[in-house]
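For reference, the structure is listed below as structure tokens.
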Amino acid sequence: MRRAVRERFLPPEATQVVWSSNRGDRIFSPIFHQSAFFLLVAVLLFFMKTPIRVAVTGAAGQIGYSLLFRIASGSMFGPDQPVALNLIEIEPAMKALEGVVMELDDCAFPLLTDIRATASLDEGFSSVNWALLVGSVPRKAGMERKDLLGINGKIFTGQGQAIARNAASDIRTLVVGNPCNTNCLIAMNSAPEIPKERWFAMTRLDENRGKTQIARKAGVHVTDVTNLAIWGNHSSTQYPDFYNAQIGGKPVTEVISDHDWLQGEFIETVQKRGAAIIAARGASSAASAANAIVDTVRSLTVPTPSGDWFSVAVCSDGSYDLNRGLMISYPIRTDGSSWEIVQGVPVNDFSRAKISATVQELQEEHDAVADLLPKG
Ligand code: NAX
């Protein structure tokens with residue numbers, strides 16, 4: 001048995017030396033090789049990181065097709081962090097998912113340790129550390145956002161419950177499928193066992209869109225734009241807070257003198273960018289959405305640069321006098337493990353009116369799905 005193990009892990013020449021050596025060596029070598037073997041295993045175990053298991057729903061969809069390859073290549077968790085993928089789809093999309101899995105296989109990603117493709121929620125969320133809830137019934141041209149609430153609400157109840165039953169104890173969930181804030185609210189409330197600070201809804205694509213618009217207007221690189229928070233809902237009521245954003249450390253309102261543009265066209269462009277992409281492409285944003293998912297998870301797992309913040313919707317604790325319990329996008333920062341809503345960000349009358357309008361919309365969405373939420 002011991003010989004079989006040794007033969008599996010050592011090159012043939014090594015085993016030959018051990019077993020053809022003289023009598024003294026025969027006593028010494030097996031002990032020496034056994035110690036070296038265990039030392040090697042110990043060293044490997046010390047340096048080898050446990051894979052992070054990530055569930056992705058809607059894995060055969062457009063966003064999935066960009067996202068999975070970014071996760072597997074190391075963009076999300078870093079170049080030395082192994083990952084395992086649990087890919088979840090509905091039955092009719094399983095054939096397409098099979099093709100995606102074949103492509104993942106064909107990439108021979110060094111960091112990808114395991115792929116499981118399934119239509120079962122229990123299997124799909126089994127032992128996952130991150131759940132990226134991308135799949136939902138997408139909005140078609142002419143469909144109202146509110147129509148989506150009823151259709152998707154039930155999906156997210158089942159997914160929340162399945163996450164609570166099956167996921168790893170450190171599970172964190174990011175909801176992307178629209179209407180993402182309220183879908184997240186439903187999933188979170190369907191899994192009361194999981195702490196509320198582990199649930200997020202994505203507004204990072206809006207932040208990235210806003211930063212690019214500001215950078216273009218100011219004639220600077222996008223990395224010079226910081227502190228742009230999206231407040232409220234991921235919808236056309238969201239508020240990209242340019243008043244507190246900075247360009248190279250200076251207030252945006254000092255660098256860009258065209259305040260009419262900031263208060264009007266800028267906000268509208270960010271709010272309606274998703275619709276503009278659908279109009280141009282005939283399909284909703286996918287690669288940029290996948291990129292924003294990667295950015296969101298990285299921002300939640302890597303310390304925020306000093307003085308900066310990023311946007312993600314979290315369960316409101318009532319900060320800034322906003323409705324407690326709703327999933328509201330705020331300026332957030334983290335030390336890499338726990339996050340906080342940045343306090344003390346100035347909110348002027350213009351901003352207050354915009355934030356109130358978007359939170360009012362979230363309250364209406366909440367009321368529309370009240371039958372899926374705990375009473376009281
Ligand atoms: P696709 O229609 O290309 O893909 C959706 C996939 O989800 C399909 O493969 C479908 O079979 C699957 N699906 C549907 N119901 C499911 C369920 N119950 N369980 C598992 N899988 C299910 O849409 P795609 O372009 O990938 O967009 C996905 C979602 O992201 C949409 O709801 C879309 O509105 C939303 N978005 C959210 C963004 C955000 O910033 N929060 C931006 C991009 C995007 O618009």
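When the residues of the stretch 79-110 are filtered to those that are of a type in the set (A, V, I, L, M, F, W, C) and in a loop (DSSP other than H, G, I, E, B), the one that is nearest to the ligand (Cβ to nearest atom) is I90. Taking first residues from the stretch 115-129 that are on the phi > 0 side of the Ramachandran plot and partners that are away from the ligand (no atom under 13 Å from the Cβ) and among the hydrophobic types (A, V, I, L, M, F, W, C), the Cβ contacts under 8 Å between residues at least 6 apart in sequence or on separate chains come to S127/A167; S127/A168.
The single residue among T182, T157 that is of a type in the set (S, T, N, Q), more than 9 Å from the ligand (Cβ to nearest atom), within 29 Å of G318 (Cβ to Cβ) and under 17 Å from the mean Cα position of the chain (by Cα) turns out to be T182. The residue that is farthest from the ligand (Cβ to nearest atom), among those in the stretch 241-300 that are over 28 Å from the mean Cα position of the chain (by Cα), part of a loop (DSSP other than H, G, I, E, B) and not charged (D, E, K, R), is S257.
The combined condition, being in contact (Cβ under 8 Å) with a residue 24 or more places away in the chain, within 12 Å of the ligand (Cβ to nearest atom), over 16 Å from N291 (Cα atoms) and under 14 Å from the mean Cα position of the chain (by Cα), is fulfilled by A55. All conditions but one from (1) more than 30 Å from S338 (Cα to Cα); (2) more than 22 Å from the chain's Cα centre (by Cα) apply to G307; the one that does not is (1). For the stretch 306-329, taking the residues that are closer than 22 Å to G249 by Cβ and touching a residue at least 40 places away in the same chain (Cβ under 8 Å), the one that is surrounded by the fewest Cβ atoms within 10 Å (Cβ to Cβ) is identified as G307. Please work out if K196 is among the charged types (D, E, K, R), under 21 Å from L174 (Cα atoms) and away from the ligand (no atom under 16 Å from the Cβ). Taking the combined requirement at face value, the residue satisfies it.
Only the coordinates and a few stated rules stand behind these numbers; no lab work does. Worth saying up front: this structure is predicted, and the values here are computed from it rather than measured. So basically every Cβ, Gly included, is an ideal-geometry build from the backbone, and we count neighbours across all protein chains shown.
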